[in-house]
Amino acid sequence: MTVHQLNELLFICSLVLLVAVAAVRISSRSGLPSLLLYLGIGMAIGQDGIFDVRFDDAELTQVIGYAALVVILAEGGLGTKWKEIKPALPAAVVLSTVGVAVSVGVTAAGAHYLVGLEWRQALLIGAVVSSTDAAAVFSVLRKVPLPARVTGTLEAESGFNDAPVVILVVAFATVGPVDSWYVLVGTIALELAIGAALGLAIGFLGAYGLRHIALPASGLYPIAVMAIAVAAYAAGAMAHGSGFLAVYLASMVLGNAKLPHAPANRGFAEGLGWLAQIGMFVLLGLLVTPHELVDDFWPAVIVGLVLTMVARPLEVLVSLLPFRIPWREQALMSWAGLRGAVPIILATIPMVSGIEGSQKVFNIVFVLVVVYTLIQGPTLPWLARALRLGDSSGATDLGIESAPLERLRGHLLSVAIPEKSRMHGVEVAELRLPAGAAVTLVVRDGTSFVPLPSTVLRRGDELLVVATDPVRDAAEHRLRAVGQGGKLAGWLGTGGLPGPSGSKGSAGSGGGPGASGRGR
């Protein structure tokens, strides 16, 4: 590639990114899932499109798709709150294992008996579409105020179920006969165990290192966090475990650890996640030949009906039966099994393996994802309201960012008071911060001022709190406790310090990913 060709490539890529960013705005206003717009951009560039760019490298698409999925899972893990996912973890694990088996069996049977596909192709389609898409689930659920149990279950399921599905697809795509079912189950269990162990270990070690090693520039923290997450995937994959499970768990540990510049870490990961989604969907759109999809449209619709109306509800019913979850929540979870780029990426595996009929499998999966994402995504908020599952009354957690002051052995906490925080109306003195911590500056409506003890805090204020190293954690716990429980937090069981010189607040005082660092 010459410099001139590089210039042209950069210009084209920048235009595609700008169009994709503008498409996000259109998506947010129209309710149309952004992945469909990105796929449309790729199809417009590719064969039968405006520029008629011919691209048919399924192996390259698979490699880039895997890399993009790693970034998307890392971003999702960093944004997942442990306090929300912990109660839902057993249900999510069952959905990601037993539920996947139910979904594969039912969908494959429908593809074989109703569409006429031979069993290998039917099993491949059943396995491929049984994975709920992390990007689609994370993007939609964070716009819909659902109960924490529902959101936690769906987010954890989308992070966990990629691992067993990938193993199943690879097993079904092998040219030789598939191993006995008990060998397959044992392989899945072993790979999940290896991935989980490595992901948790790397996540905890990475968090410990970032908390105790002060980096010279704040911009290095987000890079280090993403590097640790990607290292977890690589380690899991090279150890013949589940790299996808490893990266999700490692990122979840990092996201819930009190790391320096935590909001900046998540913001950086979110930007990379958007970039990964855009690149992945555009590339998948390029890989498709639109005129070849016509013959596979109705088979895709039929398989999608079996998946959406039979397999997914049965999967949810069987998996959640031991947990006694109300039927309304089960109904919403059945409809919220969103598919996205992950099934399309997995559909490239049989193409790369040279399985007979793999192009038909890819076309059916592509059409299924487009049609049913177009139906399910926009209707999910409506269904949540119809089932009376909206949950918008809870107090919003504070956004706290920490910048370690190494030489002064202190910390500078930046505190944003959100709209529904119960810190609204609390006087500065009523915060009852521990000795060694103080509110030094308040920014309100673009104006900054030094507060008095009697200054009343308001929604939208930004506070600058200075805390010495020994009381840094106690100060953050107290701030979060007041944000959740108001000025009487210490007596209402919401954690924090009961008095000006009390001890360190409890871990249940506010939850959510905090941000801390150890000054040196």
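A short reminder: the numbers here are calculations on the coordinates, not readings from a lab. Keep in mind that this is a model prediction, so the values were computed, not measured. Quick reminder, even Gly has a Cβ in these numbers, built from the backbone with ideal geometry, and neighbours come from all protein chains shown.
Observations, loosely collected:
- Annotation: average projected area of segment 189-256 is 4.1 square nanometres, based on the convex hull of Cα atoms across all directions.
- Candidate aspartates and glutamates - alpha carbon under 20 Å from K360, same-chain residues fewer than 8 apart omitted: D48, D56, D57, E59, E118, E292, D295, D296
- Checking the Cα-Cα distances for K258/K487; K420/K487; K86/K258; K81/K258 against a 20 Å cut-off, the pairs over it are K258/K487.
- Direction-averaged projected area, Cα convex hull, segment 252-294: 4.2 nm², rounded to one decimal.
- Virtual spin-label span in nm between L220 and A22, 7 Å along Cα→Cβ: 4.0 nm
- Stretch gain in nm, segment I50-V294, where the contour uses 0.36 nm per residue and the Cα spacing is subtracted: 85.9 nm
- Cα-based reach from K83 at 15 Å (exclusive), listing aspartates and glutamates while leaving out same-chain residues under 8 positions away: E155, D397
- The simple Förster model, with R0 at 22 Å and r as the Cβ-Cβ distance, assigns I302 and D57 a FRET efficiency of 0.15.
- You can think of it this way: the chain between A416 and A231 has 63.4 nm of extra reach, that is 0.36 nm per residue less the Cα-Cα gap.
- Here is the P(r) of the chain: all C-alpha pair distances, binned every 10 Å from 0, give 4, 18, 27, 25, 16, 8, 3, 0 in whole percents.
- Compactness of segment 3-129 is given as radius of gyration and Dmax, 19.8, 56 Å, from Cα positions.
- Length gained on full extension, F449 to E462, computed as 0.36 nm times the residue gap minus the Cα-Cα distance: 3.6 nm.
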